[in-house]
Every structure is written in structure tokens, then in C-alpha cells.
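Q: Dropping the structure in here first, questions after.
The values are calculated or read from the model by the stated rules, or taken from the named source; none is laboratory data. Not measured: the values here are computed from a predicted model. A quick note on method: Cβ atoms are made from the backbone with ideal geometry, for glycine too, and the neighbour counts reach across all protein chains shown.
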Amino acid sequence: MMAAFTTLWTQDVCRELRRHRAGERPPVAFSGVHQSLPRWSSVGVGDDVYALHVDRCVVYVLSRLRVVDKQRRDCCGAAPATWRDPAYPGHDAWAVLGAQGCGASPVHVDATPIRFDIAVPGELLSVLTWRNRRGDSRALKYVVDGRLERSVSLQGLYRLSDESAALLGALLDQAPTTAPAS
């Protein structure tokens, strides 16, 4: 059975994406061994990862990334010979997604275009749930009057419940295909 996850993209990452990559489909994301990057070890081929962003207490769904593989390929470029060399020269355009992170490894994805206009409605924030491997569920913390006051419970890579994955998927699928200019 395929699973779905969420990951939170930081303000710095989103600033660069908005400037240079909005409307494009990322071919790759990066997993890491350090807390500076989300660790995609529990994500398998075929799983979906919803990239989220929080801006002024509003949660946005930026893209759905379907995992294709987690291997270094020819598209990644030559492996670095020294620590000064870029880790993934073939993905320089997407390095902002963590290519230079500690222990970064590529996760090739089939993604929807990155957009910044799909806000998660406040009433939906209070019903989203995540579950751990034992099946225990948790809701999003710090939701006040339909706004997310603190994003700490989104930081990391977390497995969504099937119902919440369907809700986020529907939100993304039902959005107009042409995004307004950002």
C-alpha cells in the first residue's frame, strides 16, 4: 500500500523557489542524515510527499512529489572528488532543496508544478492527522481560529493518515490549473 507524507519547506527555500522555480516541476529532492534536511528513509518508491509552506499562519500546499527512486543516476552528475566539488552538479537548479546538506542523497520525483497559491482552509487544518508506524494518530498542534500559530509540528517528514492524504490530494487536484502571478 502506498503512503503519503508531508514535509515543510523553510522560508529560505521558498524564497528561492518563488524567485527562480515557481511553476516548474522539481525532478529531485534531497534526503539527509542531519536535522537540516528531512530524512526520507521511511518513504518508498510510489509514495507521495506533500511539500508544505507556512506563511503568516497560513499553510500552503506547494507540490506533490511522487517518489520515483532514491538512487544516484546519470542526471545527478559526477560524484564529488573533493569536499569543495558540488555534490549533485546535474541538479544545480534544484540545489536549494538540499543538495549541499549534510549527507544529502537524491530522491527522484515526479512532481506537480510548484505553486504558492493553494492555501489549506482553516477548517481543514483542524482535521488533518498524521500517524506513526504503530498506527497512533496525532493532530496538528497550535491551530487557533483556523490559523497555524506555530509550525513546529510540521517540521520534519511525517506520514499522513489515508484520509488526510486524500484531503490534501483533492485540494491540490481541484485547484485551478493556471496559478495567479506571484
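Q: Report yes if some residue within region 59-69 is charged (D, E, K, R) and in a loop (DSSP other than H, G, I, E, B); otherwise report no.
A: no
Q: Separate question: Regarding residue 26, is this residue in a loop (DSSP other than H, G, I, E, B), in contact with a helix residue (DSSP H, G or I) (Cβ under 7 Å, 6 or more places away or on another chain), in contact (Cβ under 8 Å) with a residue 60 or more places away in the chain and farther than 15 Å from residue 118 by Cα?
A: Against the criterion (in a loop (DSSP other than H, G, I, E, B), in contact with a helix residue (DSSP H, G or I) (Cβ under 7 Å, 6 or more places away or on another chain), in contact (Cβ under 8 Å) with a residue 60 or more places away in the chain and farther than 15 Å from residue 118 by Cα), residue 26 qualifies.
Q: I would also like to ask the following. With among the small types (Gly, Ala, Ser), more than 16 Å from residue 9 (Cβ to Cβ), out of contact with any helix residue (DSSP H, G or I) (no Cβ under 6 Å at 6 or more places or on another chain) and modelled with pLDDT under 95 as the only criterion, which of 153, 105 stands out?
A: From the options 153, 105, the qualifying one is 105.
Q: Could you tell me which of the residues 32, 98 is over 30 Å from residue 174 (Cβ atoms) and either at pLDDT below 95 or not aliphatic (A, V, I, L, M) (or both)?
A: So the residue among 32, 98 that is over 30 Å from residue 174 (Cβ atoms) and either at pLDDT below 95 or not aliphatic (A, V, I, L, M) (or both) is 32.
Q: Return yes when residue 22 is small (Gly, Ala, Ser) and either within 14 Å of the chain's Cα centre (by Cα) or surrounded by fewer than 18 Cβ atoms within 10 Å (Cβ to Cβ) (or both) and no when it is not.
A: Judged against the criteria, residue 22 is a match.
Q: How many residues does region 97-132 contain that are in contact (Cβ under 8 Å) with a residue 24 or more places away in the chain and assigned to a loop (DSSP other than H, G, I, E, B)?
A: Residues meeting the conditions: 18.
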